[in-house]
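Chemist: Okay, here's the structure, questions in a sec.
The values are calculated or read from the model by the stated rules, or taken from the named source; none is laboratory data. All figures in this text were calculated on a predicted structure; none of them were measured in a lab. Positions of Cβ are backbone-derived with ideal geometry, glycine not excepted, and every protein chain shown enters the neighbour counts. Side chains included, ligands, DNA and RNA excluded: accessible areas come from the protein's heavy atoms. Shrake-Rupley method; radii C 1.70, N 1.55, O 1.52, S 1.80 Å.
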Amino acid sequence: MSLRIVVCVKYVPDATGDRHFADDLTVDRDDVDGLLSELDEYAVEQALQIAEEADDAEITVLTVGPEDAKDALRKALSMGADKAIHVEDDDLHGSDVMGTSLVLAKAIEKAGYDLVITGMASTDGTMGVLPAILAERLGVPQVTLLSEVKVEDGTVTGRRDGDSASEQLEASLPALVSVTDQSGEARYPSFKGIMAAKKKPVESWDLEELEIESDEVGLEGSWTAVDSATQRPARTAGTIVKDEGEGGKALAEFLAGQKFI
Amino acid sequence: MAEVLVYVDHADGAVRKPTLELLTLARRIGEPVAVALGAGAADTAAVLAEHGAVKVLTADAPEFTEYLVVPKVDALQAAYDAVSPAAVLVPSSAEGKEIAARLAVRIGSGIITDAVDLEAGDEGPVATQAAFAASFTTKSRVSKGTPVITVKPNSAPVEAAPAAGAVEALAVTFGALATGTKVVSRTPRESTGRPELTEAAIVVSGGRGVNGAENFGIIEALADSLGAAVGASRAAVDAGWYPHSNQVGQTGKSVSPQLYIASGISGAIQHRAGMQTSKTIVAINKDAEAPIFDLVDYGVVGDLFAVVPQLTEEIKARKG
Ligand SMILES: Cc1cc2nc3c(=O)[nH]c(=O)nc-3n(C[C@H](O)[C@H](O)[C@H](O)COP(=O)(O)OP(=O)(O)OC[C@H]3O[C@@H](n4cnc5c(N)ncnc54)[C@H](O)[C@@H]3O)c2cc1C
Ligand SMILES: Nc1ncnc2c1ncn2[C@@H]1O[C@H](COP(=O)(O)O)[C@@H](O)[C@H]1O
C-alpha cells in the first residue's frame with residue numbers, strides 16, 4: 001500500500017529583502033520577492049528521503065497562499081515531489097495561524113494522508129506553532145522538531161533535541177512530523193527535475209471546495225488583531241575603533257563605563 | 001479580580017527565571033494562578049507564592065515524561081476548566097509554545113507567541129512582539145476566546161510580591177491523544193555550569209571567525225570572566241565547533257541580554273533575528289564592512305585572536 005505523504009510548504013517574502021507591513025498590517029508581499037521558505041525545503045528533503053526508503057510512496061506538497069505561492073510548489077516539485085495542491089481564495093487574505101491551520105487541516109484530510117511533514121517554523125511569521133496545531137486539529141500524534149527522522153512499518157521515529165535533553169520519539173502512522181534545519185541539507189533541483197516539474201499536476205482549491213465559511217478565515221475572521229506595527233528606530237551609530245594593539249583594553253574600558261565590569 | 005493562568009517551567013521543583021517574569025506580567029492583568037506539572041511540582045509553590053501566585057495547581061503522572069507534549073496540554077486544559085481565567089501565559093520555549101498552541105485550539109482561542117511585553121488593555125491584554133528579525137515592533141491582541149500568550153525570557157523584571165500560593169491538587173484525565181507520541185529515551189544535556197543562554201544577562205558568541213572547535217576556549221574564557229553564557233552562529237555550529245543548543249538566531253535561541261558580545265560573526269539577518277533586541281551590543285570583527293557593525297554600541301575592527309584574550313585579561317585584572 002502506498003505511503004501518502006503531504007508536505008506543508010509556505011511561500012514567504014525573502015528574509016534578506018526589506019520586509020515590512022502593508023497598510024492593513026498584514027505582511028506586505030508586493031515589494032519583496034517571495035520564495036519557498038528555506039525551512040520548508042528541509043521538510044521536502046525529508047519527505048523525499050522517506051519516500052526513497054519506502055516501497056511505494058507519493059508526495060503531495062500543499063500550500064495556502066496567494067497566486068504567486070505556486071512558485072513555492074514548483075520548487076518543491078522540481079526537488080522531486082509528485083504533485084501539488086494550492087489553496088487559494090481572496091477571502092484568505094490576512095488569516096492568522098488559527099485560520100491557516102483550519103484550511104490546511106481540511107485540505108490535508110481531503111487529500112488523504114498517512115504522514116504530514118512541515119518545517120519547524122515559517123521564516124516570516126516564525127511562530128513555529130502550526131505543526132502542533134495541525135496535529136491537534138487532525139487528531140494524530142505530533143512528532144515535532146526532529147533533527148533525525150525515519151519511517152518504517154507504519155511507525156515514525158525521530159530525535160528531538162530539546163532545551164534540556166535530547167529525546168528519541170516514536171509514534172504510529174498516521175502522524176504529523178516537523179523537521180528542523182539540523183535534519184540534513186536540502187537538495188538542489190536538477191535540470192531534469194525542473195523540466196519534469198512543469199508537467200506535474202497542480203490542483204487549485206478554494207474555500208468552497210473545502211467547505212469553509214469565509215468568515216472563519218481571513219483578516220475579519222482572524223483570532224488575533226494587530227493594532228500597530230512600527231519600525232524599530234535604527235540603532236544609533238556606536239563607537240567603532242580599529243585595533244592597533246590596545247583594542248581589547250579599549251573594549252574593557254567601554255564595558256567598565258557601562259558597569260558590566 | 002480576574003485570574004490569570006501561568007504555566008510553570010521548572011526542573012524537579014526548581015522554577016526557571018522566565019516563569020517568575022511571567023508572574024510579573026500576569027499581575028498586570030489579574031491574579032496569577034500557577035500550574036506546575038511533573039516531579040517536584042509542589043516544591044515550586046514557595047517561590048511562586050513569593051512572586052505573586054495566589055494558588056498553585058499541581059499534578060504529577062508518569063504520562064508527563066513518557067509521552068510528548070499532549071499530557072501537559074490535557075493538564076493545562078483541566079486547570080483552564082477549573083479556573084476560567086482571563087488569560088493563559090506560557091513561557092516561550094519550544095515545548096511551551098506547542099503546549100500553548102494546542103490549548104488555544106481546544107478552547108477556541110487565538111494565540112500570540114514570543115511576546116516581549118504585556119499590558120492590560122480595554123479589549124484584553126496587549127502584547128508587544130518583534131517582527132521581521134526584530135526590525136519592527138508590533139502590538140497585538142487576541143480577539144477571539146481567552147487570550148493564550150507565550151512570553152520570551154528577559155521580557156519583564158522578576159519582582160517580589162508575596163501572595164498565598166496555596167497548593168491544590170489538579171485532577172487530570174488524559175485523552176486518547178495523550179499517549180500518541182512515546183518518548184522512548186531521553187539523554188539529558190550536560191550542564192556546563194554557565195548560565196542558561198536565553199536567561200543570561202550577558203552572552204558572548206563566536207562565529208566562523210573563531211575558526212575551529214579548539215579555539216572556542218577563548219570565547220569561553222571571556223564568557224567566564226563576565227559570568228556570561230556562550231552562544232554561537234550557525235556557521236560555527238554547522239562546522240561542528242559548538243553544540244546546536246548554543247546557536248543564536250532564527251533557528252537557534254533568541255536572546256535579549258543586557259550585553260551581547262559577537263566575535264567573528266558577520267551579522268547575517270538570521271543571526272540578527274536572535275540577538276537584535278539585546279540592550280548593549282559589542283562586536284569584534286576584522287572586516288570593518290561586516291553588517292554586525294551597524295548594530296553595535298561599541299565595535300573593534302581587529303583580529304579576535306588578539307582582541308578577545310586581551311579583553312579577558314583586562315576584565316580579570318579589573319575584577320581583581
Ligand atoms: C533558514 C536559515 C536559518 C538560519 N538560521 C541561523 C541562525 O539561527 N543563527 C545564525 O547565526 N545563522 C543562521 N543562518 C545562517 C546565516 O545566514 C549566516 O550564514 C551565519 O549567521 C553566518 O555565520 P558567521 O557570521 O559566523 O559566519 P560568516 O558570515 O562567514 O562571518 C564570519 C565573520 O568572521 C570574521 N572573521 C574571520 N576571522 C576573524 C578573526 N580572526 N578575527 C575577527 N573576525 C574574523 C569575518 O570578517 C566575518 O565577518 C540561517 C540561514 C538560513 C538560510
Ligand atoms: N500558508 C501555509 N501553507 C502551507 N504550509 C504552511 C503555511 N504556513 C505555515 N505552514 C507550515 O507550518 C510550518 C510552521 O509555520 P509557523 O507556525 O507559521 O511558523 C511551516 O514550516 C510550514 O511547513
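Chemist: Of B:Gly231, B:Gly212, B:Gly240, which residue is of a type in the set (Gly, Ala, Ser), modelled with pLDDT of 95 or more and out of contact with any helix residue (DSSP H, G or I) (no Cβ under 9 Å at 6 or more places or on another chain)?
Modeler: After applying the criteria, what remains is B:Gly212.
Chemist: Taking the criterion of being within 22 Å of A:Ile50 (Cβ to Cβ), touching a Gly at 6+ places or on another chain (Cβ under 8 Å), away from every other protein chain (no Cβ under 12 Å) and not aliphatic (A, V, I, L, M), would at least one residue in region A:178-187 satisfy it?
Modeler: yes
Chemist: Right, next: Quick one: how many residues across region A:144-161 are out of contact with any Asp or Glu (no Cβ under 7 Å at 6 or more places or on another chain) and within 19 Å of B:His244 (Cβ to Cβ)?
Modeler: Looking only at that region, the number is 5.
Chemist: Here's a follow-up. Out of the residues in region A:219-240 that are in a loop (DSSP other than H, G, I, E, B) and facing chain B (nearest Cβ under 7 Å), state the one that is farthest from the chain's Cα centre (by Cα).
Modeler: A:Gly238
Chemist: Shifting gears a bit: Output the number of residues of region B:115-125 satisfying the condition of being in contact with a strand residue (DSSP E or B) (Cβ under 9 Å, 6 or more places away or on another chain) and surrounded by fewer than 21 Cβ atoms within 10 Å (Cβ to Cβ).
Modeler: 7
Chemist: Among the residues of region A:227-239, write down those that are open to solvent by less than 60 Å² (accessible area, probe 1.4 Å) and in contact (Cβ under 8 Å) with a residue 40 or more places away in the chain.
Modeler: A:Ser228, A:Ala229
Chemist: Could you go through region B:183-190 and let me know if any residue there is more than 10 Å from chain A (Cβ to nearest Cβ), open to solvent by 40 Å² or more (accessible area, probe 1.4 Å) and away from ligand 1 (no atom under 16 Å from the Cβ).
Modeler: Checking region B:183-190: at least one residue is more than 10 Å from chain A (Cβ to nearest Cβ), open to solvent by 40 Å² or more (accessible area, probe 1.4 Å) and away from ligand 1 (no atom under 16 Å from the Cβ).
Chemist: Might you check whether a residue that is facing chain B (nearest Cβ under 8 Å), under 30 Å from A:Phe21 (Cα atoms) and open to solvent by 40 Å² or more (accessible area, probe 1.4 Å) occurs anywhere in region A:131-153?
Modeler: Within region A:131-153, one or more residues are facing chain B (nearest Cβ under 8 Å), under 30 Å from A:Phe21 (Cα atoms) and open to solvent by 40 Å² or more (accessible area, probe 1.4 Å).
Chemist: Here's a follow-up. List every residue pair whose Cβ atoms sit under 9 Å apart, with the two residues 6 or more apart in sequence or on different chains, where the first one lies in region A:32-43 and is part of a helix (DSSP H, G or I) and the second, anywhere, is within 10 Å of ligand 2 (Cβ to nearest atom) and open to solvent by 40 Å² or more (accessible area, probe 1.4 Å).
Modeler: A:Leu39/A:Lys10; A:Asp40/A:Lys10
Chemist: Which condition number in (1) within 26 Å of A:Glu211 (Cα to Cα); (2) assigned to a helix (DSSP H, G or I); (3) within 11 Å of ligand 2 (Cβ to nearest atom); (4) in contact with a Gly (Cβ under 8 Å, 6 or more places away or on another chain) is the one that A:Ser101 fails?
Modeler: All conditions pass for A:Ser101, except number (4).
Chemist: Taking only region B:281-320 into account, find how many residues are open to solvent by 60 Å² or more (accessible area, probe 1.4 Å) and within 26 Å of the chain's Cα centre (by Cα).
Modeler: Residues flagged as open to solvent by 60 Å² or more (accessible area, probe 1.4 Å) and within 26 Å of the chain's Cα centre (by Cα) within region B:281-320 amount to 1.
Chemist: What's the total number of residues in region B:75-107 that are within 17 Å of A:Leu130 (Cβ to Cβ) and free of Cβ contacts under 8 Å to residues at least 60 places away in the same chain?
Modeler: So the answer is 10.
Chemist: I would also like to ask the following. Touching a strand residue (DSSP E or B) at 6+ places or on another chain (Cβ under 8 Å) and either away from chain A (no Cβ under 13 Å) or modelled with pLDDT of 95 or more (or both): does that describe B:Arg194?
Modeler: Here the answer is yes, as B:Arg194 does meet what is asked.
Chemist: Please specify each residue of region B:249-271 satisfying the condition of being farther than 17 Å from B:Asn154 by Cβ and either touching a Gly at 6+ places or on another chain (Cβ under 8 Å) or away from ligand 2 (no atom under 16 Å from the Cβ) (or both).
Modeler: Those that are farther than 17 Å from B:Asn154 by Cβ and either touching a Gly at 6+ places or on another chain (Cβ under 8 Å) or away from ligand 2 (no atom under 16 Å from the Cβ) (or both): B:Gln250, B:Ala262, B:Ser263, B:Gly264, B:Ile265, B:Ser266, B:Gly267, B:Ala268, B:Ile269, B:Gln270, B:His271.
Chemist: Moving on to the next point. Looking only at residues that are open to solvent by 30 Å² or more (accessible area, probe 1.4 Å) and in contact (Cβ under 8 Å) with a residue 24 or more places away in the chain in region A:121-130, which one is nearest to A:Val32 (Cα to Cα)?
Modeler: Checked region A:121-130; the qualifying residue nearest to A:Val32 (Cα to Cα) is A:Gly125.
Chemist: Mind telling me which of the residues A:Asp71, A:Asp55, A:Asp89 ends up being away from ligand 2 (no atom under 14 Å from the Cβ) and either of a type outside the set (Ser, Thr, Tyr) or out of contact with any strand residue (DSSP E or B) (no Cβ under 8 Å at 6 or more places or on another chain) (or both)?
Modeler: Answer to the check: A:Asp55.
Chemist: Let me ask something else about it. Looking at the structure I just gave you, is A:Val156 in a strand (DSSP E or B), buried (at least 23 other Cβ atoms within 10 Å of the Cβ), away from ligand 2 (no atom under 16 Å from the Cβ) and over 15 Å from the mean Cα position of the chain (by Cα)?
Modeler: yes
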